[in-house]
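Before any comments, here is the structure.
The values are calculated or read from the model by the stated rules, or taken from the named source; none is laboratory data. Please read these numbers as outputs of a predicted model, since none were measured by experiment. When we count neighbours, we look across all protein chains shown, and the Cβ atoms used for this are built from the backbone with ideal geometry, even at glycine.
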Ligand code: AVJ
């Protein structure tokens, strides 16, 4: 049955995946150093991200939930009937619950999530909320998982759901590649429903990534704690700092981990040198204007059919079709 083939595929893929060690050392050996934001999301990182969403400065999640409260019925109607909902980076799937509720719990749901803990928890939560929901979880990196057509019900309309402005974590070329992957997965009758943070004043955006309680800083530096645990590294978190600045010209938050001093860090079986004030890039969070996002989607052969926003027009959910 379909579930078995998904599971087999996931095991086969895990075997082919580069190890955490190889990927991290690859990034630490680049100049300037650079690591993927996907490394944030171990169990503690996923929990810290949930806490970020509750910070007063981090408007994104509240704006998106408010938008869903106001427009979920309209969005569900635009998706149509017999939907197979594939969610990229589903995390706690809090937004998905609202959407599935508006779909009367009728969808088939495929959450794709890199953190096994977050995935298991969200699947339990959704099954409790919607007993009739057909859930087929995939624990994988959504940038590299394969979705084989023969695994899927043939008649359902495939919709990739990608909320939270996570697409904003990708640079233009990578964002276009990911949108093209979605386009392949959804086929000619499918759609993509994408949450995108909108451009706005610098102060509002910058404070969202520099909350007063320091949760975002803890989230950023948790990446180093994770490497200490999983790669036998010896990062001392007190000797590094979180830095998030908004680049107005490029419309993106640039998050770095900055080394306070010159230091030599053990990572797995090697040593990595940091200069004083050296900054390692760990995340971009792009913000788009509606025309800017339409232009990006067009490069992947996708067309913006509908845009929903919250009342203050801070955040958008956009429906893309081939
Ligand atoms: C929801 C993953 C897109 O970039 O806003 C939050 C991650 N990083 N605070 C974002 C994040 C720092 C978040 N994403």
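Annotation for the stretch 308-321: no member residue is under 18 Å from residue 172 (Cβ atoms) and surrounded by fewer than 16 Cβ atoms within 10 Å (Cβ to Cβ). Between 218, 140, the distinction of being under 18 Å from residue 43 (Cβ atoms), surrounded by 18 or more Cβ atoms within 10 Å (Cβ to Cβ) and modelled with pLDDT under 95 belongs to 140 only.
So which of 54, 120, 125 ends up being out of contact with any helix residue (DSSP H, G or I) (no Cβ under 9 Å at 6 or more places or on another chain) and over 20 Å from residue 308 (Cα atoms)? Checking each option against the conditions leaves just 120. Kindly evaluate residue 128 against the criterion of being more than 29 Å from residue 18 (Cβ to Cβ), more than 16 Å from the ligand (Cβ to nearest atom) and in a helix (DSSP H, G or I). The answer is yes for residue 128. Every test in (1) within 23 Å of residue 140 (Cα to Cα); (2) away from the ligand (no atom under 16 Å from the Cβ); (3) at pLDDT 90 or above; (4) surrounded by fewer than 18 Cβ atoms within 10 Å (Cβ to Cβ) is passed by residue 34 save one, and that test is (2). Listed conditions (1) within 12 Å of the ligand (Cβ to nearest atom); (2) farther than 27 Å from residue 270 by Cα; (3) in a helix (DSSP H, G or I) are all met by residue 55, apart from (3). A search for C-beta distances below 8 Å between a residue of the stretch 197-211 that is free of Cβ contacts under 8 Å to residues at least 60 places away in the same chain and any residue that is away from the ligand (no atom under 13 Å from the Cβ), counting only pairs 6+ apart in sequence or on different chains, returns 202/248. Suppose we keep only residues that are closer than 25 Å to residue 90 by Cβ and part of a loop (DSSP other than H, G, I, E, B) within the stretch 189-239. Which one would you say is nearest to the ligand (Cβ to nearest atom)? Ranking the candidates gives 209 first. Given the structure, is residue 77 within 23 Å of residue 155 (Cβ to Cβ) and modelled with pLDDT of 95 or more? Spelling it out, residue 77 is indeed within 23 Å of residue 155 (Cβ to Cβ) and modelled with pLDDT of 95 or more.
Among the residues making up the stretch 124-133, those that are modelled with pLDDT of 90 or more and surrounded by fewer than 17 Cβ atoms within 10 Å (Cβ to Cβ) are 124, 125, 127, 128, 129. Of the residues making up the stretch 240-270, those that are in a loop (DSSP other than H, G, I, E, B) and more than 16 Å from the ligand (Cβ to nearest atom) number 7. Among the residues making up the stretch 67-91, those that are in a helix (DSSP H, G or I) and either under 27 Å from residue 145 (Cβ atoms) or away from the ligand (no atom under 16 Å from the Cβ) (or both) are 68, 69, 70, 71, 72, 73, 74, 75, 76, 77, 78, 79.
Just so you know, in the stretch 153-176 the residues that are in contact with a strand residue (DSSP E or B) (Cβ under 8 Å, 6 or more places away or on another chain) and assigned to a loop (DSSP other than H, G, I, E, B) include one that is farthest from the ligand (Cβ to nearest atom), and it is 153.
For the structure I just gave you, tell me whether residue 77 is out of contact with any strand residue (DSSP E or B) (no Cβ under 6 Å at 6 or more places or on another chain), farther than 27 Å from residue 143 by Cβ and touching a residue at least 60 places away in the same chain (Cβ under 8 Å).
Here the answer is no, as residue 77 does not meet what is asked.
Remark: pairs (first residue in the stretch 41-68, over 17 Å from residue 315 (Cα atoms); second residue in a loop (DSSP other than H, G, I, E, B) and modelled with pLDDT of 95 or more; Cβ separation under 9 Å; 6+ apart in sequence or on different chains) = 51/213.
Among the criteria (1) within 16 Å of the ligand (Cβ to nearest atom); (2) in a helix (DSSP H, G or I); (3) surrounded by fewer than 20 Cβ atoms within 10 Å (Cβ to Cβ), the one residue 121 does not fulfil is (1).
Annotation for the stretch 273-291: no member residue is out of contact with any strand residue (DSSP E or B) (no Cβ under 8 Å at 6 or more places or on another chain) and touching a residue at least 24 places away in the same chain (Cβ under 8 Å). Quick check on residue 181: is it in contact (Cβ under 8 Å) with a residue 24 or more places away in the chain, over 25 Å from residue 300 (Cβ atoms) and more than 16 Å from the ligand (Cβ to nearest atom)? So residue 181 does not fit the description; no. Filtered by the rule that a residue be in a strand (DSSP E or B), in contact (Cβ under 8 Å) with a residue 24 or more places away in the chain, farther than 23 Å from residue 202 by Cβ and over 19 Å from the mean Cα position of the chain (by Cα), the stretch 292-322 gives 305, 306, 308, 321.
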